[in-house]
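Each value in this text was obtained by applying a stated rule to the coordinates, not by laboratory testing. The structure presented is a predicted model; accordingly, all values stated were derived computationally and were not measured. All Cβ positions, glycine included, derive from the backbone under ideal geometry; neighbour counts span all protein chains shown.
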Amino acid sequence: MKEMNNPKWVPQLLAWYDVNKRDLPWRDCGDPYKVWVSEVMSQQTRIEAMKPYYDNWMRLFPTLEELAKASEDEVVHAWQGLGYYSRARNLRLGVQDVVNNYGGVVPHNRKEMESLKGVGSYTAGAVLSMAYGEPEVAVDGNVLRIYARLYGIFDDILGTKGKKAITAIVEDTLPHDRPGDFNQALMDFGSAVCIPKTPRCGECPIVNMCHAYQHNVTDQLPVR
């Protein structure tokens with residue numbers, strides 16, 4: 001079922017990304033703090049909707065040190081409109097941990113990154129790959145959906161078995177020369193083409209390698 005390690009669709013997806021990637025202020029900046037903030041902000045908010053909040057946040061707290069010094073009230077006030085205020089509180093606490101215990105340098109490895117307040121597997125993978133170029137996966141709903149269709153996985157993508165199976169494939173197909181770009185390509189691809197319910201297969205650059213399309217089961221995958 002699976003062609004691993006260097007599947008033909010990976011360079012095609014990256015080529016699609018090079019042409020179609022969204023112009024976002026935290027991309028290609030090499031700043032783990034900016035990537036971290038963007039990932040936390042976008043967890044329950046569409047990218048287009050959160051961009052003004054991100055810009056304002058960076059005006060108020062342009063560095064880790066500035067955010068670490070801010071009061072909780074200042075941070076929550078800057079977050080107003082995004083909801084889920086625990087994200088803002090945890091971000092501040094996580095940044096304080098970096099400043100106090102890591103010399104102001106965001107950790108370069110997953111174990112230490114995930115030890116920070118509010119940082120889960122996805123956020124850690126996104127920051128490490130996008131800011132540091134580390135070969136780390138960032139598996140979210142977009143990635144689960146894309147891989148379920150691409151590889152014909154009928155396990156529940158929200159269940160342990162489904163997530164574990166897909167994560168293993170993502171790790172095996174991650175291109176180590178462009179891990180950050182690959183993770184961002186999946187984000188953009190899942191937002192623009194391989195969308196929920198009615199994927200835009202006519203716009204898909206890898207449709208000829210997609211199990212769901214080839215077997216006419218795009219309406220059945222992913223299983224949730």
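Laid out as a table, the results:
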| item | result |
| --- | --- |
| Set 111/161; 21/163; 51/163; 117/197 screened for pairs whose C-alpha atoms are more than 32 Å apart | 117/197 |
| The stretch 16-45 and the stretch 170-193: distance between their alpha carbon centers, rounded to Å | 13 Å |
| The chain: most fluctuating residue of 33, 85, 54 per GNM, C-alpha cutoff 10 Å | 85 |
| Built amide H within the under 5 Å cut-off of residue 156, gap 5+ | 162 |
| Integer Hz, Karplus 6.51/-1.76/1.60 couplings in order for the stretch 10-20, x for Gly and Pro | 4, x, 5, 5, 5, 5, 4, 5, 4, 8, 10 |
| Listed residues 33, 193, 71: farthest to the positive end of the dipole of the chain (Cβ charges) | 193 |
| Note, ³J(HN,Hα) from phi for the stretch 184-190, Karplus 6.51, -1.76, 1.60, rounded to Hz, x at Gly and Pro | 6, 4, 5, 4, 5, 5, x |
| The chain: projected area of the alpha-carbon convex hull, averaged over directions, in nm² | 11.9 nm² |
| Helix-only CD estimate at 222 nm, as mean residue ellipticity for the chain, using -39500 (n - 2.57) per DSSP H run (n ≥ 4) | -17000 deg cm²/dmol |
| Rg to Rh quotient for the stretch 32-132, alpha carbon positions, Kirkwood Rh | 0.92 |
| Residue-wise HN-Hα coupling along the stretch 35-46, computed from phi with Karplus coefficients 6.51, -1.76, 1.60 (Hz; x: Gly, Pro) | 5, 4, 4, 4, 5, 5, 5, 8, 4, 10, 9, 5 |
| Loop-resident sites, the stretch 1-101, for trypsin sites (Lys or Arg not before Pro), counting at most 11 other Cβ within 10 Å (DSSP) | 8, 46 |
| Amide hydrogen neighbours beyond the local backbone of residue 134, cut-off 5 Å, H modeled | 129 |
